[in-house]
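Let me begin by presenting the structure, written as structure tokens, before commenting on it.
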Amino acid sequence: MPRLSVIVPAYNAAGTIASAIRSTLNALPRDAEIVVLDDGSSDATAEAARGVLDARVRVLSRSNRGVAATLNDLIGATDSEYIARMDADDLVLPGRFRRQLGAMGGTVDAVFTTVVTWGSGMPGLPRPSAISEEDFGLHLLLTNPVAHSTMLARRSAVQDVGGYRVLPTEDYDLWLRMAANGARLRRLALPGLAYRVHPGQVTASAQWRRASWENAELAAAYSALAERLIGAPAVRITSLSIDDSRTPDEKRAELDSFTGLFESALHGHAPSAQRALRRKLAERRSWLSARLEEKAVAT
């Protein structure tokens, strides 16, 4: 069995899948494979993927079942020690997998990278900002700090929590459950991926975001991690913003309570990490305040 499997779910990606595979091959270490699963595309995705002639590439096809089911099928179709993610419309940057595998060590369960954005709008260059294993969970309580297609993880850590679930933001849900289960996650500062931005992607949809904020399973996963890290269950700030069962004052009080617990949990973390987390918390508090003010004006 290969040491690393790069799994690539693909749906109607005939125009980008070949370049995605080639960029992955260019960065692929020894003893690794790429496995593409065409999720019932209506275009020539599978044919384009099979057109990249390399023994390290496997291409599978079946009827459409959605991205979470496709990822679980890809995990089931591989048996490597490590699993890495790649999307059918992104590009792997040189050195990505070498740096991630080198950062795993004996205690880390998943390593992510920052990304360079390209496509619609101006290209985005990240500030080279790492997130340590000690700080990653607290970042998850504020926002999802990583792109799904940058993940490299121990297969055992993913399987220990049951793999992916079929719900919005299946990636964020997986990170929450892994962290709540004691997995150690980190983000490297250097970008490992050129992340394509385009108007039609699912994450650009307001409907998709709303579905994520309303999802009960995701809410439970978030609350479980909050209980582990700050000592009490909590509600996502995004979910709090759309909770019509609470008054604006009740929402502010809930956020103030969360802030107090979060601040207490910061003790013992590196000063630079505390500054980054406080800055992000302030951004999230401002975001909720703006949402509450907008709703007050609208009514």
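The values are calculated or read from the model by the stated rules, or taken from the named source; none is laboratory data. Because the structure is a prediction, the values reported are computed rather than measured. Cβ sites come from the backbone with ideal geometry, for glycine too, and all protein chains shown count toward neighbours.
Checked against the criteria, GLU133 counts as in contact (Cβ under 8 Å) with a residue 40 or more places away in the chain and surrounded by fewer than 20 Cβ atoms within 10 Å (Cβ to Cβ). With respect to the conditions (1) within 30 Å of ILE230 (Cα to Cα); (2) surrounded by fewer than 17 Cβ atoms within 10 Å (Cβ to Cβ); (3) at pLDDT 95 or above, HIS139 falls short on a single one, namely (2). Look at (1) of a type outside the set (Lys, Arg); (2) farther than 25 Å from PRO233 by Cα; (3) surrounded by 19 or more Cβ atoms within 10 Å (Cβ to Cβ); (4) at pLDDT 95 or above and you find that SER156 fails only one, number (3).
For the range 200-216, filtered to residues that are outside any helix (DSSP H, G or I) and at pLDDT below 95, the residue that is farthest from LEU176 (Cα to Cα) is GLY200.
Here's the yes/no breakdown for (1) among the aliphatic types (A, V, I, L, M); (2) exposed (fewer than 13 other Cβ atoms within 10 Å of the Cβ); (3) assigned by TED's automatic domain parsing to the domain that holds ARG209; (4) modelled with pLDDT of 95 or more:
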| residue | (1), (2), (3), (4) |
| --- | --- |
| ALA234 | yes, no, yes, yes |
| LEU240 | yes, no, yes, yes |
| GLU254 | no, no, yes, yes |
| SER264 | no, yes, yes, yes |
| TRP287 | no, no, yes, yes |
| GLU294 | no, yes, yes, no |
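Quick grid of which residues meet (1) over 10 Å from the mean Cα position of the chain (by Cα); (2) of a type in the set (Lys, Arg); (3) at negative phi:
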residue: GLY162; (1), (2), (3): yes, no, no
residue: GLU170; (1), (2), (3): no, no, yes
residue: ARG177; (1), (2), (3): yes, yes, yes
residue: ALA180; (1), (2), (3): yes, no, yes
residue: GLY192; (1), (2), (3): yes, no, yes
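Return yes or no: is ASP38 part of a strand (DSSP E or B), buried (at least 20 other Cβ atoms within 10 Å of the Cβ) and either at pLDDT below 95 or of a type in the set (D, E, K, R) (or both)? For ASP38, the condition - part of a strand (DSSP E or B), buried (at least 20 other Cβ atoms within 10 Å of the Cβ) and either at pLDDT below 95 or of a type in the set (D, E, K, R) (or both) - is met.
Let's see how each residue does on (1) in a strand (DSSP E or B); (2) in contact (Cβ under 8 Å) with a residue 60 or more places away in the chain; (3) in the same structural domain as MET1 (by TED's automatic domain parsing); (4) among the basic types (Lys, Arg):
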{"site": "ALA55", "(1), (2), (3), (4)": "no, no, yes, no"}
{"site": "ASN64", "(1), (2), (3), (4)": "no, no, yes, no"}
{"site": "THR70", "(1), (2), (3), (4)": "no, yes, yes, no"}
{"site": "GLN100", "(1), (2), (3), (4)": "no, yes, no, no"}
{"site": "VAL111", "(1), (2), (3), (4)": "yes, yes, no, no"}
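For the range 217-229, state whether one or more residues are in contact with a Leu (Cβ under 8 Å, 6 or more places away or on another chain), in a loop (DSSP other than H, G, I, E, B) and under 18 Å from LEU174 (Cβ atoms). No, because not a single residue in the range 217-229 is in contact with a Leu (Cβ under 8 Å, 6 or more places away or on another chain), in a loop (DSSP other than H, G, I, E, B) and under 18 Å from LEU174 (Cβ atoms).
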